[in-house]
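Notes follow once the structure below has been shown.
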Amino acid sequence: MSGSISQLFDNIPDNEVQRAKALGRVADIAQNLWKTEPGSPDLDILARRAGDAARVEENRTPLGESGLLEFFCSVVSTQGVRSTLIVQCLRIIGNSSADKDENRARVVASGCLPSIVSLLNDDSILAYVIPVLFNICVDYEPAQKAIYQAGINPELISLVSGPRLEGAAPLMSYISKLLGFVATQEPEANLVHPATPFVLLSLANNQPSPIDIEDFLGQASVALTYLSQEQFQQSFLETRGSINLILQTFSTACEDSDASQDPDDEPQLKQVQAAFTATLADLSAQPLFASSCPLDGPEVQTLQDWISTPHIPLRSAACLTLGNIARSDEKCIYLVQQRGIHKPLIKSLTDPENVDAGLLHSILSFLKNLAIPAENKPILGNAGLLETDVLPRIWDLDTQTQVQFDAVSLTRLLLVGCLENVHRICAPLAEDAASPLHARSKLHLLIDLNARSDQEPTQMETARAITTVCRVLHSLDSPHTPQSKIPTDSPPSTTATPAESLKAFYSTHSTITDAMQRLIQQTKFPALRSEQLFVFALMARTSEGAAAVARAMHHAELVSAIVEIVTGEQATPTPTSTSTSNVESDQTPPSSLSDIAQLANLEAQAPTTTPGTQKSMRDVDRENALVLIAELLQRCPDELPDASKATFEKLLREGGQRLLRERDEGEGEGEGEEGKVGLK
């Protein structure tokens, strides 16, 4: 019999159809032997020759069409079959499936995959089982789903996390790929070992030096795929040593991989590094991560060390992770005042070669967190954040709009309620009075950015930063604010009163309201409109500020926006150059002058972002607009365009009395509330 079997395989026709028929006769012989003499050595010989034939690509399709492949799939599914025959069955199945989806479909349909997965428990045939499973599943999703449902994940994790690891080590590349094939399947109970990411990261981290880059990347990438799914993050963080493990493995991916890196591995290495960064960002957003990382602990020290490393992925990840840990004022204050964590961040921003958008975004985002507590603002400013080669350098990165926005947003946070930083941004760019830069400040640079940017977020944020400067300056005479000289561009020897300082400030920054008035004209962000309206009213309580706001009223769109705020009806812009004789309303009658004085003595109300206050905010905006109008008409009526002045007088006649009545009815309510500024 063995001779006839060999003759059949030695004389396989070249024609594919005839080849399938010939292999069909082999299949008949095999089935007959299985029924009559299942233990016959001839069956083993036939299986070995079929396995050899399957190594030839031209034979694979005929092997499937002949029925021979399905036969051996049925054999491998039978309990108690001798291992020598099982090995040959695996050879046939694995070789026939190589790059042949039609044969893979036959294997899946035969239902033999659970039996093949169960063979992972037999160490003597691991070298066959694992490559065969890979051949069946690579680039073929139905097979991947089938082995997942057959429980391959817990089988493989048990294999590599116990004493059998040494025997499986030569097959680690295949094992990682098989685990990767099933990593994105819908998780089901008992089909995924909960320790999968921890085990794989441990394998990657425990490699001897020099590391096997292929195994390392395979293990790490699959572990990170599992950790990208929220259901595995909690169990990972609950495992002792997990945070230190992922930090160490990430360090290896950036540092130890350099010496052993093959150019062909570079794309996957970068993908794994990016995945580490994303995973750390996700994990550190979990409350358990922050509670497991005390600010004086080794994990935070490792992250702080990363900020100064030459490896960009580590630096970005450190900023994102620490930013997630520092989600309270208390933690931010500790990191700045006790650990000085802002210093390496600022040093990184001063590097002119640091133009990596991802890294800059991470650094600026972390600094924004650190800049929120009031106690940190002057410290960060004093450390040099507002120096020309730091944040102003990034304001000029017009091609990196997100980073540019981040830098402006951080600037605004540094200015909020912080007179020291307002001084810094308003100071001359050059101390030498003879220098042309002496007449310009960093605030001018922000104004310039607002004018040239075509990005709406940047336009809005620069306008908010500029508005913040004015809000701080005009809060100096608040009873709750320490008295301080307003920063100007005047020589240091000049002694100026607050009014003179404000006059010099607005004279030097003559176009400042061009940026600010945009916030009132726009309607997309109501909160920003309310904020700007309040600050305009605040500015108008002084003659110097009122004159600056009056210059903005040359924009007909701004006047129309204020009319709409007061009346609730959309107004058509009226040319501000229109003379008084062409305006329907008359000059304010003498009887309304007292109304102007009364309105000017009212308080402008700071906007609130409390949910459910939309209707009341419309009322607050209307009242602040009327107070602003009253201030402008009282302090600088001659500086208003004629048409704007006439429009404002008409608004006062129609809305002023109503506001006075409403305020009289509410007199005594809310006295001393934070955020209200008395107007004079």
Candidate set from segment 20-68 (those that are part of a loop (DSSP other than H, G, I, E, B) and charged (D, E, K, R)); member that is farthest from VAL87 (Cα to Cα): GLU37
Odd one out for ALA556 among (1) of a type in the set (Gly, Ala, Ser); (2) closer than 21 Å to THR647 by Cα; (3) modelled with pLDDT under 90: (3)
Residue count for segment 332-343, restricted to those that are buried (at least 18 other Cβ atoms within 10 Å of the Cβ) and either of a type outside the set (A, V, I, L, M, F, W, C) or closer than 27 Å to ALA275 by Cα (or both): 4
Where a residue in segment 360-388 is touching a residue at least 24 places away in the same chain (Cβ under 8 Å) and its partner, wherever it lies, is surrounded by fewer than 23 Cβ atoms within 10 Å (Cβ to Cβ) and among the aromatic types (Phe, Trp, Tyr), with Cβ under 8 Å and at least six apart: none
From ALA357, ALA318, residue being crowded, with 23+ Cβ neighbours inside 10 Å and among the small types (Gly, Ala, Ser): ALA318
Members of segment 240-274 found to be of a type in the set (S, T, N, Q), within 25 Å of PHE181 (Cα to Cα) and surrounded by 15 or more Cβ atoms within 10 Å (Cβ to Cβ), listed by number: SER242, THR249, THR252, SER257, GLN268, GLN273
Selected residue (only one of GLU266, GLU330 is closer than 24 Å to PRO378 by Cα, assigned to a helix (DSSP H, G or I) and free of Cβ contacts under 8 Å to residues at least 12 places away in the same chain): GLU330
Filtered residues of segment 433-448 (kept if closer than 20 Å to MET516 by Cβ and either of a type outside the set (A, V, I, L, M, F, W, C) or free of Cβ contacts under 8 Å to residues at least 24 places away in the same chain (or both)): ARG440, SER441, LYS442, HIS444, ASP448
Members of segment 205-220 that are at pLDDT below 95 and either in contact with a Phe, Trp or Tyr (Cβ under 8 Å, 6 or more places away or on another chain) or surrounded by fewer than 17 Cβ atoms within 10 Å (Cβ to Cβ) (or both): ASN206, GLN207, PRO208, SER209, PRO210, ASP212, GLU214
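Conditions tested, residue by residue: (1) of a type in the set (Lys, Arg); (2) in contact with a helix residue (DSSP H, G or I) (Cβ under 6 Å, 6 or more places away or on another chain); (3) closer than 17 Å to SER316 by Cα.
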residue	(1), (2), (3)
ILE372	no, no, no
VAL403	no, yes, yes
ALA407	no, yes, yes
ALA430	no, yes, no
ALA439	no, no, no
Segment 607-621, residues that are crowded, with 18+ Cβ neighbours inside 10 Å and at pLDDT 80 or above: MET617, VAL620, ASP621
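Residues checked against (1) buried (at least 17 other Cβ atoms within 10 Å of the Cβ); (2) aromatic (Phe, Trp, Tyr); (3) at pLDDT below 95; (4) in contact with a Gly (Cβ under 9 Å, 6 or more places away or on another chain):
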{"site": "SER66", "(1), (2), (3), (4)": "yes, no, yes, yes"}
{"site": "GLN88", "(1), (2), (3), (4)": "yes, no, no, yes"}
{"site": "ILE92", "(1), (2), (3), (4)": "yes, no, no, yes"}
{"site": "TYR148", "(1), (2), (3), (4)": "yes, yes, no, no"}
Subset tally (residues that are in a helix (DSSP H, G or I) and surrounded by fewer than 21 Cβ atoms within 10 Å (Cβ to Cβ)) for segment 94-107: 3
Condition met for VAL272 (hydrophobic (A, V, I, L, M, F, W, C), closer than 21 Å to SER158 by Cα, in contact with a helix residue (DSSP H, G or I) (Cβ under 8 Å, 6 or more places away or on another chain) and in a helix (DSSP H, G or I)): no
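Conditions (1) of a type outside the set (A, V, I, L, M); (2) without any contact (Cβ under 8 Å) to a residue 40 or more places away in the chain; (3) surrounded by 15 or more Cβ atoms within 10 Å (Cβ to Cβ); (4) touching a strand residue (DSSP E or B) at 6+ places or on another chain (Cβ under 6 Å), marked per residue:
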residue: ASN32; (1), (2), (3), (4): yes, yes, no, no
residue: LYS35; (1), (2), (3), (4): yes, yes, no, no
residue: ALA53; (1), (2), (3), (4): no, no, yes, no
residue: THR61; (1), (2), (3), (4): yes, no, yes, no
Pairs, first on the phi < 0 side of the Ramachandran plot in segment 413-432, second hydroxyl-bearing (Ser, Thr, Tyr) and surrounded by fewer than 18 Cβ atoms within 10 Å (Cβ to Cβ), C-beta under 7 Å, six or more apart: LEU419/SER484; LEU429/THR388
Qualifying position, being within 22 Å of GLN248 (Cα to Cα) and not hydrophobic (A, V, I, L, M, F, W, C), among PRO131, PRO210: PRO210
Qualifying position, being modelled with pLDDT under 95 and not in a loop (DSSP other than H, G, I, E, B), among LYS503, LYS524, LYS485: LYS503
Segments classed as helices (runs of 4 or more DSSP H), wholly inside segment 115-234, with at least 1 members that are acidic (Asp, Glu): 141-149, 152-160, 165-168, 213-227
Scan of segment 344-354 for residues that are closer than 26 Å to PHE276 by Cβ and either in contact with an Asp or Glu (Cβ under 9 Å, 6 or more places away or on another chain) or surrounded by fewer than 22 Cβ atoms within 10 Å (Cβ to Cβ) (or both), ordered by number: PRO344, ILE346, LYS347, SER348, LEU349, ASP351, GLU353, ASN354
Residue match in segment 540-556 (condition: more than 20 Å from ALA630 (Cβ to Cβ), out of contact with any Leu (no Cβ under 6 Å at 6 or more places or on another chain) and aliphatic (A, V, I, L, M)): yes
Members of segment 348-361 found to be within 13 Å of ILE394 (Cβ to Cβ) and part of a helix (DSSP H, G or I), listed by number: SER348, LEU349, THR350, ALA357, LEU359, LEU360, HIS361
Residues located in segment 414-452, provided they are of a type in the set (Lys, Arg) and either surrounded by 20 or more Cβ atoms within 10 Å (Cβ to Cβ) or closer than 15 Å to THR388 by Cβ (or both): ARG424, ARG440, LYS442
Failed item, numbered, when ILE512 is tested on (1) modelled with pLDDT of 65 or more; (2) over 16 Å from VAL620 (Cα atoms); (3) surrounded by fewer than 18 Cβ atoms within 10 Å (Cβ to Cβ): (3)
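The values are calculated or read from the model by the stated rules, or taken from the named source; none is laboratory data. Just so it is clear, the model here is predicted, and its values are computed rather than measured. Cβ coordinates were reconstructed from backbone atoms using ideal geometry, including for glycine residues, and neighbour counts include every protein chain displayed.
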